[in-house]
Structures are given as structure tokens and as C-alpha cells.
Amino acid sequence: MKVIKKMNLLGAGMLMLLMMSGLRAQTRSPNVILILVDDQGWGTTSVQMEAALASSKSDYFHTPNLENLARGSMVFSNGYAAHPNCSPSRASVLTGKSPAQLNFTDIIDRDTGPLYEGNFLIPPQHVNELSSSDFTIAEWIKKFKPEYRAAHFGKWHLGNGGPAHHGFDGGDGPTTNAEGEHNPASNPKRIYSTTEKAINWMEQQVTADKPFYLQISHYAVHLSMEASPTAEATVEDWEKGERHDHAKFAAMSWDLDKAVGQLLDKIGDLGIEKDTYVIYTSDNGTYPTTNPANINGPLHGWKASLWEGGTRVPFMVKGPGIAAGRSDTQVVGYDLFPTICDWLGIQELPHGSEGGSLVSLLNGQSSPVVRPNDYLVFHFPHYQLQKGSHPASSIYWEGYKMIKFYETGELRLYDLTNDLGEERNISYIYPDVLRKMNGMMEEYLDKVHGKVPALNAQYMEDKDPGRQFKDRKLSIMQEPYFILK
């Protein structure tokens, strides 16, 4: 009897432990992993971003691990980076605010030289670092959920002390583009070492039973192009496409995809897949390569421009409760801040937050994304001469997109539902829509104190630093415009 009673007591104890373990599993705080890649354009992976549009995936590059991620994710065909350049876009993701409001409208430490001097317009000065007065998502999480740990590995490019000064417990410091260049062939763009550090840190948090926010900001697929010998040998057997044919870019994309697969596999090995949200997106569209006309898929334009190719990017989210499938709802990088807060049960947002939570949408509901404004404004009042771009702002509303070019004050209107390539300017057909959208954009920029360029009174056409790039400038405009003689 004593033995039986002891066994019964042991059985009851084991049952209690199992019940408690089950309770912990049900109430475990979720982890969030953001994979932010560099310069990966919409249509440059083998994930078909638009279900009915075959050209929204590459006809040459292969990214099988992204395909696997997409099968279990909500894939957003209208996913946008907040800016067509890296620093502003990254600041926006971390703070939940637009680059216009942050006055973070160009890359850090780029505020002098031919991009700012001698042009027809004088671009406004912008901030050169992530402000300490703006909460990052890491700081905000720990303010309400102090049990959380946070880390940022890879490219920072936001100055001001790096991740450690903005709420992150682990990271690589105030890195820029430079760390992604001239790496050993076995570790191109630091793809594998960045992933390894992220995995090791993740394992430590799981061992310590700490929920976490982990951001992995890859240097790939930014220039310069780097790829491993294995990747280069792999792509030799691939048939090149009509649109994509750059073997080095294909190999670099394969290396990046392989590392993403390593991370996803480790999530499964650690047994945290059911407790972990994974977000995958890019900081902006990709750059012109050997065939710049449509490197970003059927989209027009590229990085550093406000055409679709500059801002529409891969955007996928996977995790507990998320309905795998596709959505054509327009989402933007600064929507991630309130989404993560929603997942973690944080009801309050910082003053000035501009994004809307995607949680209802991700759970399969048809609810719209609720933001402070029912439109989205993108603001790049600067030059990027070698890419043919010049100061502009754009606004999206009710399926329309309007772009304002500050050199001439020209307004263009496009119906993206029927004209994804932005080939038909319909300003003259819908002048009332044009006026309304221009008014909304001006009101918004005034409200957030968005800075605009000024006329250069000392401008001399024969000394314009953009003269040598005038053909590219004309080509990206798609029709005659402001021709330099």
C-alpha cells in the first residue's frame, strides 16, 4: 500500500507538472524575428508576389527557402518599404513613424557634395542619425514587457551609438554598408556569420526561457556583389531569363536564401515555431543591373526613386494564428511597430505613431488597416543623380498614386490597379482626384514638418552635376521632361 500510495503521489505530481507545462505553453510570450534584407526588389525572388502575375517572380533567380516561408505566410503583394533608401526605411521600421515625420529622408552622412550642391534645387538638410528621443521597438517592448530581450545583428546604418544605445541587448554595433564589402568567399556579405550570431543569441534566450525580439538586418543583396564559390557553382546550371541574367546577383541571392533556411530550421529545432512570428521584408527596391528597365519585375524604376520599383518590396509574415495566403492590402514598414505591440499585448503606442496593426488582417479577417491617415505619403526631396532620380514626393489613396516632381512642380496620377508599370499618366482625366490628393499630401507634409527643396538661385545649367546622367533621368521619367541641354 505504501508503494502504491507513493506511486499515486508521484503520478499526481507528474500530472500536475504536465498541467503546469501545458499552461506555460498556452501562455508563453511570443517571440518576434524580423529579417530585413538590403535592396531586394519585388520580383527578384522565386516567390510570386502577385498571384495572377507570373512576372512578379524572377525568371532566373532561385530562392527555395523563401518559397517555403511564403507557403506558411501571409504574402502581401502590396508591401512597401517606407522609403526608397536604406537609412530612412530602417529608422521607420524601428520607430513606427514615416521618414517625413522623422526628417530622416536620406542616408546618414550624405548631406554635401554633388547631390546637394549645384543642382537646379537645393535639397533640405535631414537628420544624420536615429534620434534618441524616438522610442525604438526594442525600447518600447522592454518599457512594458521588461522580461523581453532584444538583439540586432547585421547592418545598422543609423549612427548614434548603434543598437546598444537604442534598447538592444545584443548586436554588432553601429555598422554601415562597409561591413558588407570585401568579405571572405566563405562568408559573402557576412551572410553566414550574421546568421550564426543570430542563431547563437536565439539559442541563449530559449535556454534562459526569455521571450525575445530579434532583428537580422542582412547586408545582401546590396552592392558590391559577393557570393560563395558554392553558390556560384550552383547557378552555373540555371537557365538565364529574359529579364534576369546576372549570375553574381543570382549567386548572392542563393547564399542569402540558404542562410534564411538555416534560421528557419533552427526555429524548428528549438521547438519555438508555434511561439514565434517571422517577418521577412526589404528596406527598398533593388538597383539597376545589366537590364535596369525591369529588374524589379514588372515594376518601373528602382532603388532611390519613388516609382514602384523603389518602394514596393517582398513582404511576408508567418506565425501563430496567421492565415497563410495572400493579401492585396497595402502595408508599409512602419505598420510593423503597432503589429508587434499588438502581438505582445501592448496597447499603448508612442506619440506620433503612424502605422496600423496588421493583426486582424493576418488572422484572416477582412478588416482594413487603421492608421491615423487613410493615405500613405512617401517623401524623398533629394537627388540620386547616378540613378536618374530627383526630388519628389508621392501619395497613395483609394487605389491611385500621385507623384510630385519638385523641379517643375509637375503632378502625375496613376491607377495602379490597372497600370502597375506606371505607364499611363491620367492626371488630365481625373483633375479633381489630382487636386484632392495634392492637397492631402501638402497638408500631411505641413503637419509633420516635412522639408521640401528650394530653388537654387545660383544654378548654372552648364555646371549641373547631373548632366552626365541625363539619359537615365529621362528614361526613368518614361516621357520627355526637364531636358538638360
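The values are calculated or read from the model by the stated rules, or taken from the named source; none is laboratory data. Bear in mind the structure is a predicted one, so any value in this text is a computation, not a measurement. When we count neighbours, we look across all protein chains shown, and the Cβ atoms used for this are built from the backbone with ideal geometry, even at glycine. Surface accessibility is based on the protein's heavy atoms, side chains included, excluding ligands, DNA and RNA. Shrake-Rupley method; radii C 1.70, N 1.55, O 1.52, S 1.80 Å.
Over segment 23-125, calculate the relative contact order: mean separation of alpha carbon pairs under 8 Å at least 6 apart, over the residue count, as a percent.
14 percent
Using DSSP, restrict attention to beta bridges with both residues in the chain and report what percent are antiparallel, rounded to the nearest 5.
Close to 50 percent.
Straight-line reach from Lys401: which lysines fall under 28 Å, measuring Cα to Cα and dropping same-chain residues less than 8 apart?
Lys57, Lys97, Lys303, Lys387, Lys436, Lys447, Lys451, Lys470, Lys473
Using a Förster distance of 22 Å, how high is the FRET efficiency between Ser29 and Asp269, based on the Cβ-Cβ distance and rounded to 0.05?
Plugging the Cβ-Cβ distance into 1/(1 + (r/R0)^6) gives 0.65.
List the trypsin sites (Lys or Arg not before Pro) within segment 231-323 that fall in a DSSP loop (any state other than H, G, I, E or B) and whose Cβ has at most 16 other Cβ atoms within 10 Å.
Here the sparse-neighbourhood loop sites are Lys240.
Provide Glu461, Glu410, Glu236, Glu354 ordered by accessible surface of protein heavy atoms (probe 1.4 Å), highest first.
Glu236, Glu461, Glu410, Glu354
Given contacts defined as C-alpha pairs under 8 Å and at least six residues apart, what's the relative contact order of the chain, whole-number percent?
It rounds to 23 percent for the chain.
Given [x] 13; [y] 6; [z] 30 as candidate values of percent of Cα pairs over 45 Å apart, which corresponds to the one derived from the coordinates?
Derived directly from the coordinates: [x].
Sorting check: for 35-44, 122-131, 156-165, which peptide has the highest mean count of neighbouring beta carbons within 10 Å, and how do the rest follow?
35-44, 156-165, 122-131
Can you tell me which lysines have their Cα less than 18 Å from the Cα of Lys266? Leave out same-chain residues fewer than eight positions away.
Lys197, Lys210, Lys258, Lys274, Lys318
If R₀ is 22 angstrom, what is the calculated FRET efficiency for the pair Lys145 and Ala323, using the beta carbon separation as r and rounding to 0.05?
E(calc), rounded to 0.05, equals 0.30.
If you rank Thr136, Thr289 by how much accessible surface each has, with a 1.4 Å probe, what is the order from largest down?
Reading off the accessible areas and sorting them downward yields Thr289, Thr136.
Taking +1 at the Cβ of each Lys and Arg and -1 at the Cβ of each Asp and Glu, which of Ile267, Ser217, His244 sits farthest along the dipole of segment 203-276 towards its positive end, judged by Cα position relative to the Cα centre?
Ser217
Helix-only estimate, please: 222 nm mean residue ellipticity of the chain, summing -39500 (n - 2.57) across DSSP H runs of length 4 or more and dividing by its residues, to the nearest 500.
-9000 deg cm²/dmol
Report the FRET efficiency, 1/(1 + (r/R0)^6), for Asp419 and Asn373, where r is their Cβ-Cβ distance and R0 is 22 Å, rounded to 0.05.
It comes to 0.40.
Excluding Ile267 itself, what net charge comes from residues whose Cβ is under 11 Å from its Cβ, given Lys and Arg +1 and Asp and Glu -1?
Net of charged neighbours comes to -2.
Please compute the length gained on full extension between Tyr430 and Ser475, using 0.36 nm multiplied by the number of residues separating them and subtracting their Cα-Cα distance.
13.7 nm
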